[in-house]
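Since every read-out is calculated from the coordinates, none of them should be taken as a lab result. A quick note: this is a predicted structure, and the numbers were derived from the prediction, not measured. Note that we place each Cβ from the backbone using ideal geometry, even for glycine, and neighbour counts take in every protein chain shown.
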Amino acid sequence: MKREKGTLISWNNDKGYGFIRPDNNKEDIFLHVKSLAHNQRHPKVKDVLMYEVAVDKKQQHYAHSAKIKGIAWSYFTIIWSSSTILFGIYVYFVLQQRLPFHPIAIYAAMSLLTIWAYSRDKRAARLGTWRTPERRLHIFEMLGGWPGALLVQPCYGHKSRKIKYQVIFWMIVASHGVLWCHLLIHQDMYQPYQHAATKKARSFVNQAKEEILRLSEMINSEDALINTDHAETTEQVKTVRRSIITPDKQLHVVQGELNDKFKTGIE
């Protein structure tokens with residue numbers, strides 16, 4: 001479907017709708033906040049938007065799949081992007097063994113993944129494409145992503161009004177609460193397992209580093225061998241060329257001497 005371009009001439013932030021004036025001088029078109037990309041901020045008057053024209057049940061035209069031109073991310077999207085970058089830096093320092101690993105990092109990682117899954121499902125719901133199964137979202141929440149889901153549900157307005165979904169979600173949250181209460185009360189019992197897991201994780205990281213270095217050395221040695229073979233092949237080609245060219249030059253020299261002797265004899 002062809003995308004149109006226009007400028008927002010009015011916007012009611014409380015009711016979540018406004019009107020766009022198209023650049024092609026057609027009549028103003030209705031825009032609802034639900035037609036905007038969920039990761040963008042609310043529009044402002046004079047914003048330039050790209051959109052598709054759709055027809056509702058009353059046969060009236062409205063803007064569909066609208067997007068504010070330029071960088072117009074919502075505050076939540078900026079926070080999520082910044083958190084992802086910071087988490088990547090933390091993982092790097094943990095792998096370098098400059099920072100200790102903490103179980104909360106698992107919750108952070110799964111929360112970021114859960115927010116991405118919610119965002120993808122919200123976009124699919126608006127575009128009418130293939131949705132993310134609710135079972136998969138609950139699995140992400142069960143594996144530690146429920147804090148991210150708790151943040152994203154009111155911000156994106158996604159899954160927050162579905163009672164059945166909310167019942168399962170809060171059961172997952174309660175189960176994690178019970179688990180952490182048990183761990184904190186009996187933390188002495190789990191300290192040996194924690195030390196063993198940390199030691200094993202560090203051993204795994206060291207082995208991975210050694211394997212990466214070994215593969216890097218193999219690749220470098222293969223490159224050096226290829227370069228050596230290439231140099232030897234080039235030298236052989238030059239030698240063959242010399243062996244082909246030299247007899248011809250010698251022949252010319254011999255012919256020149258014979259001609260000189262022949263001329264001398266005649267004289």
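Note on region 5-43: residues that are of a type in the set (Gly, Ala, Ser), under 23 Å from Lys159 (Cα atoms) and not in a loop (DSSP other than H, G, I, E, B) amount to 1. Residue count for region 69-90 satisfying the condition of being assigned to a helix (DSSP H, G or I) and loosely packed, with under 15 Cβ neighbours inside 10 Å: 9.
Just checking, does region 49-60 include any residue being surrounded by fewer than 18 Cβ atoms within 10 Å (Cβ to Cβ) and of a type in the set (Ser, Thr, Tyr)? Within region 49-60 (the criterion being surrounded by fewer than 18 Cβ atoms within 10 Å (Cβ to Cβ) and of a type in the set (Ser, Thr, Tyr)), the answer is no, since none of the residues qualifies.
Could you tell me which of the residues Arg98, Arg131 is free of Cβ contacts under 8 Å to residues at least 12 places away in the same chain, over 22 Å from His38 (Cα atoms) and not in a helix (DSSP H, G or I)?
Arg98
The listed residues are Ile104, Ile115, and the only one of them that is surrounded by fewer than 17 Cβ atoms within 10 Å (Cβ to Cβ) and aliphatic (A, V, I, L, M) turns out to be Ile104. For region 126-153, the tally of residues that are touching a Ser or Thr at 6+ places or on another chain (Cβ under 6 Å) and closer than 26 Å to Lys67 by Cα stands at 3.
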